[in-house]
1. List pairs: first residue in the stretch A:55-69 and at the interface with chain B (Cβ under 8 Å from one of its Cβ atoms), second residue crowded, with 16+ Cβ neighbours inside 10 Å and of a type in the set (Phe, Trp, Tyr) anywhere in the structure, Cβ distance under 9 angstrom, at least six positions apart or on different chains.
2. Which residue is farthest from the other protein chains (Cβ to nearest Cβ), if the candidates are limited to the stretch A:155-182 and must be open to solvent by 100 Å² or more (accessible area, probe 1.4 Å) and more than 30 Å from B:Gly79 (Cα to Cα)?
3. Within the stretch B:27-61, work out how many residues are more than 26 Å from B:Ile93 (Cβ to Cβ) and modelled with pLDDT of 90 or more.
4. Given the conditions (1) more than 10 Å from every other protein chain (Cβ to nearest Cβ); (2) open to solvent by 40 Å² or more (accessible area, probe 1.4 Å); (3) not hydrophobic (A, V, I, L, M, F, W, C), which single one is not true for A:Thr12?
5. Which ones in the stretch B:55-103 are part of a helix (DSSP H, G or I), basic (Lys, Arg) and in contact with an Asp or Glu (Cβ under 9 Å, 6 or more places away or on another chain)?
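The values are calculated or read from the model by the stated rules, or taken from the named source; none is laboratory data. Every value quoted in this text rests on a predicted model; they were computed, and no experiment measured them. No Cβ is skipped: glycine too gets one built from the backbone with ideal geometry, and neighbour counts run over all protein chains shown. Only protein heavy atoms, including side chains, enter the accessible area calculation; ligands, DNA and RNA are left aside. Shrake-Rupley method; radii C 1.70, N 1.55, O 1.52, S 1.80 Å.
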Amino acid sequence: MFLDFLFYVFATILLMSAFFALFATNPVINVLFLILAMFYSAGIFILLKAEYLAFSLIIIYVGAVAVLFLFVVMMLNITKKSFKESIQQFKTPLFLFGILLMVELVLLFLKAKNVMHHDELSHLAFESFDSVTNAHAIGQVLYTQYFLGFQLVGLVLFVAIIGAIVLVYEKRTKVKKQNITKQLLRTKKNSLQIVKFAPIVKKEESES
Amino acid sequence: MKTVTLNHCLVLNGILFTLGLLGALLNKRHLLMVLIAVEVMLLAVNLNMVSFSYFLKDYAGQVFTVFILTVAAAEAAIGLAILMLYFKNHGTIEVSSATTLKG
């Protein structure tokens, strides 16, 4: 009963903070409310017995992605005045269609029956991982059946890293830098020149 | 949880997803807000996956949530990099300023 109460509390705060994250005017406030929404959805994850995902949501999303958002918000010069001046075309129909979609979804999900009939127990069922923790069970599924997907997700992250670096990297021309290849390719042959010449003897000095 | 059923979770996720959609559509200010709205929508999808996983007693949903989390992180990184480039080139990130292809 207490957990149910907790679910409703988390859901309410999650929806409110998502609303403020999307419709507040100050971008920093938006990102901070997004962080709050992520914390409360992590709470719902814990209620749904997905502890590993809850913690990875906090660590990855709040710790990395949301902080990245904050950095970008602070790096960009966003003026608040543009809100009023920008053209608000199609605002009413978009709002109406969105609300319509929301009402439809809510009615559909409230009326939906027999959604959760799950006759044949799959081998990924909770029961087959009864004695182990959530993270252990996810690992057992992830590293066996979904191993290809796991590898591909690693590839996606790799591509994302390279893409982000390539996009934002700029070569600085004003700074003098050490060119390591050039330095290592220098040999005695192409950099040192030995010139032999006979010693010059000044006759006038010897005479005097 | 006893009285909370799958339908409650689905209603919550539907509302959250539609909020994110509305935020992306109605927003005429920053491209950054569109990215935040996409994050909210991905959060709703993740919640949906996990609630199905819980109520169907199946770990596949949680595994796919792990995948979605990773892809969302990659998407955020690339999106913010593009945003930085856009700001560097145009000096603004207003949605209404992105009209280069308009002709």
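1. A:Leu57/A:Phe39; A:Leu57/A:Phe45
2. A:Lys182
3. Kept after step one, since they are more than 26 Å from B:Ile93 (Cβ to Cβ), are these residues of the stretch B:27-61: B:46-61.
Subsequent filtering for residues that are modelled with pLDDT of 90 or more retains B:46-51.
The total comes to 6.
4. Of everything listed in (1) more than 10 Å from every other protein chain (Cβ to nearest Cβ); (2) open to solvent by 40 Å² or more (accessible area, probe 1.4 Å); (3) not hydrophobic (A, V, I, L, M, F, W, C), A:Thr12 misses just condition (1).
5. B:Lys88
A quick yes/no check of all residues on (1) surrounded by 20 or more Cβ atoms within 10 Å (Cβ to Cβ); (2) among the polar types (S, T, N, Q); (3) within 7 Å of another protein chain (Cβ to nearest Cβ); (4) in contact (Cβ under 8 Å) with a residue 12 or more places away in the chain:
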{"position": "B:Ile36", "(1), (2), (3), (4)": "yes, no, yes, yes"}
{"position": "B:Val45", "(1), (2), (3), (4)": "no, no, no, yes"}
{"position": "B:Phe52", "(1), (2), (3), (4)": "yes, no, no, yes"}
{"position": "B:Val63", "(1), (2), (3), (4)": "yes, no, yes, no"}
{"position": "B:Ile68", "(1), (2), (3), (4)": "no, no, no, yes"}
{"position": "B:Val71", "(1), (2), (3), (4)": "no, no, yes, no"}
{"position": "B:Glu75", "(1), (2), (3), (4)": "no, no, no, yes"}
{"position": "B:Ala81", "(1), (2), (3), (4)": "yes, no, yes, no"}
{"position": "B:Met84", "(1), (2), (3), (4)": "no, no, yes, no"}
